[in-house]
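Reviewing the structure listed below.
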Amino acid sequence: MPVAKGSTIDPARTRATILEAATAVLYERGLDGIGVAELCTRLGVSKETLYRHFGTKEGLVEAMLRQRSDRVTQWLAAAAEAAGDDPRDQLTAVFDALQRWYDDPVFRGCAMLNAAAQHHVETVRAITARHLRRYLDLLTGIAERAGAADPHLLARQLLMLVEGATVVAAHHDGAGAGEHARQAALTLLSAAS
């Protein structure tokens, strides 16, 4: 990311550009699948620049996970909201969005769970736990709107379907994983309401 002669360096833009590029590389290769030197080469930045903006590779990983969690939870919430007021339609929209993600050729599973499995460090585990809580919040809201007797229990069951479908899609067969999970989710929703 060389700066053209006479241009002003914008640290926030530089950081955002590094983060965006690193997200794709780290998701594709895995957190431990690429060293700092190769990562910097792929990003087109020096180690000094990476360290100035993120402190360490771990700092970059943490920033990437936080940003990805924000993006994914906003994306799923927007899908549910766009589906209207009917909780069944909202739940359908969530699983349909997930299926589109599973069908994407660059799909490699849930970055949060991949990171938690690769890095047994408290910060990464905390980011992952926060991400799952955000999913639970979305699903609890849908369960409450559906009139579930125990919306928190239903939300946990729905989360199991979301994450289970994501794992199956990443490691076994993505074709229809979201659709199958959606059918199970709608059955749970009907039984709980």
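The simple Förster model, with R0 at 30 Å and r as the Cβ-Cβ distance, assigns Gln183 and Arg29 a FRET efficiency of 0.35.
Magnitude of the charge dipole for the chain, about its Cα centre and with charges confined to Cβ atoms of Lys, Arg (+1) and Asp, Glu (-1), is about 680 debye. Largest first, the residues Val124, Val45 sort by 1.4 Å accessible area into Val45, Val124.
Applying 0.36 nm per residue to the separation of Glu58 and Arg42 and subtracting their alpha-carbon distance, the gain on full extension is 4.0 nm.
Histogrammed with a bin width of 5 Å, the alpha carbon distances of region 104-193 distribute as 3, 14, 21, 20, 19, 14, 8, 2 percent, first bin at zero. Here the accessible area is traced with a 1.4 Å probe on the protein chains. For the chain, carbon and sulfur cover 54 percent of it. The solvent-accessible area of Val72, taken with every protein chain present and a 1.4 Å probe, is close to 20 Å². So what does Glu38 come to for accessible area, using a 1.4 Å probe and Å² rounded to 10? For Glu38, solvent-accessible area is about 80 Å². For the pair Gln67 and Ala12 in one chain, pulling the backbone fully straight at 0.36 nm per residue adds 18.4 nm over the alpha carbon distance. Ligands, DNA and RNA aside, Asp104 has an accessible area near 70 Å² when probed at 1.4 Å.
Given their separation in residues at 0.36 nm each and the Cα-Cα distance between them, Arg108 and Asp89 gain 4.2 nm when the chain is fully extended.
Write down the accessible area per residue of the chain in Å², having rolled a 1.4 Å probe over the full set of protein chains.
Details: 9990 Å² over 193 residues.
On a per-residue basis, the chain sits at 52 Å².
The values are calculated or read from the model by the stated rules, or taken from the named source; none is laboratory data. Treat the numbers as computed from the prediction; the structure is a model and nothing was measured. When we count neighbours, we look across all protein chains shown, and the Cβ atoms used for this are built from the backbone with ideal geometry, even at glycine. Heads up: the accessible areas ignore ligands, DNA and RNA and are worked out on the full protein's heavy atoms, side chains in. Shrake-Rupley method; radii C 1.70, N 1.55, O 1.52, S 1.80 Å.
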